[in-house]
Amino acid sequence: MQSSGASETEILSERDLTQIERLHPGGLTSAQIINIFQSRGARLSEATFRKYVQLGLLPRSRRVGEKGKHRGSRGIYPCATVRRINSIKQLMAKSFTIEEIQRAFASFKEQIEEIEAALDELFKGFEREIAQPRFDLSRRRLIHRDIDIAKRTATDLMRRIVQIETQTTSPDKKQRVAGGGTLTDITDER
């Protein structure tokens, strides 16, 4: 079962991915991500999800405290994780191995994760700062509104960065042929 607008090898269309990213700018739990794929007929278990994280194909979660006494915390993954899994599934459907996919994704992964972490810390710092008593309620609300706008802008920026990273590092632009070469290699020899 494919989503509307999705091609044969993709589970989620670009429209689906953008909608998910807009609905969940703060991120998703692993259960929510797995449900997105399973609801579309894709095989994705908790064990496979954890394996992708361990292999470095997906970012690690960040812990977010639950409101309420003794509620603990839960792991939240960036919404771009859904896009990454979709890319992994596309590449696997084209017979790429996990090792080939790992090599393709390794290029910018660390830098992207550092940017996401830095933005999270920056926004947390802003929120801690405006909680100080020197800010009156009206000024606090105004700054909080600006922070919310900046968070949405940052989410859109990260979505675009991940799209560019996927476009520039995914081996799916080159089709492999027998003998280990690619169609690009063969056409370059001519």
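The values are calculated or read from the model by the stated rules, or taken from the named source; none is laboratory data. From a predicted model like this one, the values you see are computed outputs, not experimental measurements. Using ideal geometry, Cβ is built from the backbone for each residue, glycine included, and neighbour counts are taken over all protein chains shown. When the accessible area is computed, the model is the full protein with side chains, heavy atoms only, and any ligands, DNA or RNA have been set aside. Shrake-Rupley method; radii C 1.70, N 1.55, O 1.52, S 1.80 Å.
Structure values in brief
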{"quantity": "Those helices (runs of 4 or more DSSP H) lying entirely in segment 22-111 with at least 3 residues farther than 19 Å from Gln163 by Cβ, open to solvent by 20 Å² or more (accessible area, probe 1.4 Å) and among the polar types (S, T, N, Q)", "calculated": "30-38"}
{"quantity": "First in segment 138-153 and farther than 16 Å from Gly125 by Cα and modelled with pLDDT under 95, second anywhere and in a helix (DSSP H, G or I) and open to solvent by 90 Å² or more (accessible area, probe 1.4 Å), Cβ under 9 Å, 6 or more apart", "calculated": "Arg152/Arg22"}
{"quantity": "Those residues of segment 2-16 which are modelled with pLDDT of 90 or more and either closer than 22 Å to Gly75 by Cα or in a helix (DSSP H, G or I) (or both), in sequence order", "calculated": "Arg15, Asp16"}
{"quantity": "Segment 154-190, residues that are modelled with pLDDT of 85 or more, open to solvent by 70 Å² or more (accessible area, probe 1.4 Å) and aliphatic (A, V, I, L, M)", "calculated": "Leu157, Ile164"}
{"quantity": "Considering residues of segment 112-144 that are part of a loop (DSSP other than H, G, I, E, B) and surrounded by fewer than 13 Cβ atoms within 10 Å (Cβ to Cβ) only, the residue nearest to the chain's Cα centre (by Cα)", "calculated": "Ala131"}
